[in-house]
Each structure stands twice: as structure tokens, then as C-alpha cells.
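The values are calculated or read from the model by the stated rules, or taken from the named source; none is laboratory data. Owing to the predicted nature of the structure, the values given are computational and were not obtained by experimental measurement. Note: ideal-geometry Cβ built from the backbone for every residue, glycine included; neighbour counts use all protein chains shown.
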């Protein structure tokens, strides 16, 4: 099996490199309005944002910033298939302007924007993003009543494009082999993810620990690999195409490669693409490690369940392990065995030159026990 991964250098408000109804899943994390690190970007997109901030009008600045994101959501409505899912990771912002402190509810504004475009909101997910400070409040210390709760969570907002679920051909292998384990379903489909920084972060690339790549990741506010990896497994099948219009350091593309999906990304800053080239060589090892870790965790689940006196009614077809449900029998993980560059994506009037990769996949290699 082969998958393609394209990255355009361009403005996500015009996804001209992506055809209508060509994407099954969107997984992205946009710049958050009213977070200071993104002020310059929003001012470049709309100078009125700077005027509003300078005059201390937070409400006007907030709305002007979201108006720019709205243009991206318009494009998502066009490129996402009917029944396709959009996953938007976003956090709220707290800020003081003109000595007035308040929260700016980005998640509520994005929810409103998608619903007004005909998307059906689905139950969302909260994941905990601990603050660096040990203090759990802002304001006047331990004296009531002027302290404020510290925001330590972000939202993964989930939307379906329209009110019709996606349909597959009967007994589609690419769907049944992309199934997840019963215990993974119970953990992933919880509305609060408290352990999201754990499982896959331990498998990150060595080069991510420092240098320019680390600096760029901080400036892109990249989310943990665990988030797009889970979402892609949850809401797409093998061979589907995943779009990230705010590509950043390419975390969504990494997850798509590791899960056997195609991907498309849009990124304004070409230096991010240069850094990603250094990460691609590690994808075969990363994908193999993730698949084996999932299988090992399932076998530990089997051991504990048997110790508790519970039995299993089914056997996995491709692995020497029992499973809880009939739908898990055909679970089959993939690993990347090779990644080659595609021919450079040519520039157009709307899109600068980009890059691309062809990933070759094989069934997960499992060491003999």
C-alpha cells in the first residue's frame, strides 16, 4: 500500500490546491485568537486587528481575528466530503487590555462558525495541557475574590459535514482492518483525555529535543502527536485523505503516515517544510514502534482481563491474541517501510512551491515472542 503526502506553501484561506470533496478528514490546530504570540500574524492578515488591540477593544480584535479563520472554514466546507469529519484543536485565551482581564472563548466562536456553515457538532473532547507555572491561579494570590482559574485544557471540537454519515462498500477491508481495540475505543472515545501526553510522546524523534526544530515547534504551538494519531484512527479508514490547513511542524502528516492515510497540508512559512525533511527519515521506525506498542498494550490488557476472571469470545486473524468484539478480529496495523520525495509541487498564482512524499506501507512486522 502507498500513500501520498503533499504540503503547499500558501494561505489556508484559499485551498486552491485541494479539489472539491476530496478530503475525508480534517485534523488541525489553528492560531488561537487573542493569544499574544499570534497577534502579528492576525495583524498581517487584517490591519484592523492591530488598531483594535491598540485601542484596547478586545471584543473587536477577537471578532476580526475569527473573521480570518472563518475564511478557512469556508474552504473546509468545500473540500470535505459529505459526512466527513473536521477535528479542530483550539484553546480559549485570557488577556488584559486597558486593565480589564477576561477570557476570550475561542471554542465557542469556532463552534458557532461551523454550525452556521451546515456542519453538525459532535460531542467534543477536552485534553489537559498543564501550565508551566506551579501556581494554579492568576490575580490576587490567596485573597478572595479577585483570583482567576488557570486555563489548563484545550478543546478538540468535532464536526460532521452535513447530517449524513459516510458510507463504505460492504465488508470494506480498508475499514475493517483499520479497527481499533475495544479497550482503545473506551479510552479514546472518552470526553476527557488526561493521559494524552504519555503514550506516543515517548516515541518522539531524537531531533525533536532541541535546536531549531524545537524552537519552531514552540513558535507553531504544535500539539502532541498522540492527538492527531488518535483522531485519525477514530475518524478515518486506511487510504483516506487527511487535511491540515495549519500545518506547522507537520505533526498531522506524521500521524497520517503512521496510520496509513494520505495527507495534505498548507503552511505559510517555508522554513517549517525544511525542518520536516529532517524528520521524515525517522518515520519507518516511529510507525513500527507505535504499532508494536499498541499491540503490546493490548496483550497486557488481555493478561489483566484474564486475571480478573473474564474470557474472550474471538481471536484476532492477524495476531496471536484474543479480542473482545467481533469487529476487532480483522485489526491489522501498518508500518512505513520507505518514504521517498515526490516531484516538487509547482507554484501557481495562489500557491507557492511545495513538497511531497510517497510512503510505502507493509503489514506491521511483529517480533517472535
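Filtered by the rule that a residue be closer than 11 Å to residue 23 by Cβ and touching a strand residue (DSSP E or B) at 6+ places or on another chain (Cβ under 8 Å), region 78-106 gives 79, 80, 81, 84, 85, 86. Filtering region 308-327 for residues that are more than 30 Å from residue 357 (Cα to Cα), touching a residue at least 24 places away in the same chain (Cβ under 8 Å), touching a helix residue (DSSP H, G or I) at 6+ places or on another chain (Cβ under 8 Å) and part of a helix (DSSP H, G or I) leaves a non-empty set.
Screening region 43-62 for residues that are assigned to a loop (DSSP other than H, G, I, E, B) and in contact (Cβ under 8 Å) with a residue 40 or more places away in the chain and picking the one that is surrounded by the fewest Cβ atoms within 10 Å (Cβ to Cβ) gives 56. Taking the conditions exactly as written (in a helix (DSSP H, G or I), modelled with pLDDT of 95 or more and closer than 29 Å to residue 263 by Cα), does residue 13 satisfy them or not? No. Exactly one residue out of 333, 276, 301 is in contact (Cβ under 8 Å) with a residue 40 or more places away in the chain, more than 17 Å from residue 178 (Cβ to Cβ), touching a strand residue (DSSP E or B) at 6+ places or on another chain (Cβ under 8 Å) and surrounded by 13 or more Cβ atoms within 10 Å (Cβ to Cβ), and it is 276. Each residue in region 90-105 was checked for being modelled with pLDDT under 95 and either on the phi > 0 side of the Ramachandran plot or under 22 Å from the mean Cα position of the chain (by Cα) (or both), and 2 of them qualify. Looking across region 157-196, not a single residue is surrounded by fewer than 18 Cβ atoms within 10 Å (Cβ to Cβ), over 25 Å from residue 319 (Cβ atoms) and in contact with a helix residue (DSSP H, G or I) (Cβ under 7 Å, 6 or more places away or on another chain).
Per-residue answers, yes or no, for (1) modelled with pLDDT under 95; (2) under 22 Å from residue 160 (Cα atoms); (3) outside any helix (DSSP H, G or I):
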| site | (1), (2), (3) |
| --- | --- |
| 64 | no, no, no |
| 71 | no, yes, no |
| 83 | no, yes, yes |
| 88 | no, yes, yes |
| 107 | no, yes, no |
| 120 | no, yes, yes |
| 123 | no, yes, yes |
